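The values are calculated or read from the model by the stated rules, or taken from the named source; none is laboratory data. None of the values given here were measured: they were computed from a predicted structure. Ideal geometry is used to build each Cβ from the backbone, glycine not excepted, and the neighbour counts take in all protein chains shown.
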Amino acid sequence: MRFQQDRHSELSRIVAAAPPEETHVEVPCVSVDDYVAKSGLSVTGIKIDVEGADQLVLDGAVETVARCQPLILTECVPDQRLGAWCAQQGYRIFAPVGDRYDGSVGFQQVSGGSNCWTKMLFLVPVRLRKHFFEIEAGWKRRAG
């Protein structure tokens with residue numbers, strides 16, 4: 001995997017191939033599934049921030065996700081590929097949303113293939129859905 005470095009760090013990203021004139025670093029990679037299997041971890045949450053390669057991380061975490069059903073926080077784009085991955089794993093996609101006028105915070109369910117723009121997404125398994133909505137209700141009570 002190649003990590004292309006930009007002088008503005010927020011523009012750095014993982015690329016299949018970097019042009020010779022671009023600064024890049026070869027980065028060794030291991031899948032979540034391989035790492036979890038070797039270390040014997042039980043995973044309750046996964047935070048993914050890998051400069052545009054979030055879907056690759058999810059693709060390498062299928063066994064871990066199926067076994068542990070962790071809450072996942074990602075910067076993935078809510079496109080059809082993510083929607084299909086979540087449907088296959090029994091997950092739903094939620095985006096945190098805020099009201100700029102009253103300061104309240106909540107979650108909006110987003111479908112794969114959505115045209116929405118968001119910075120972060122919560123991928124929520126069935127086992128946590130009830131708790132997820134309880135957290136949101138608590139936020140709304142405190143804001144109200």
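Assuming Gln109 fulfils every condition listed in (1) in a helix (DSSP H, G or I); (2) modelled with pLDDT under 90; (3) in contact with a strand residue (DSSP E or B) (Cβ under 8 Å, 6 or more places away or on another chain) apart from one, which condition is it?
So the condition that Gln109 fails would be (1).
What about Gln89, is it closer than 20 Å to Phe133 by Cβ, polar (S, T, N, Q) and either surrounded by 14 or more Cβ atoms within 10 Å (Cβ to Cβ) or modelled with pLDDT under 80 (or both)? Let's see the steps before the verdict.
Working: closer than 20 Å to Phe133 by Cβ: yes; polar (S, T, N, Q): yes; either surrounded by 14 or more Cβ atoms within 10 Å (Cβ to Cβ) or modelled with pLDDT under 80 (or both): yes.
Answer is yes for this residue.
Limited to segment 35-64, what total is found for residues that are surrounded by fewer than 14 Cβ atoms within 10 Å (Cβ to Cβ) and in a helix (DSSP H, G or I)?
Result for segment 35-64: 3.
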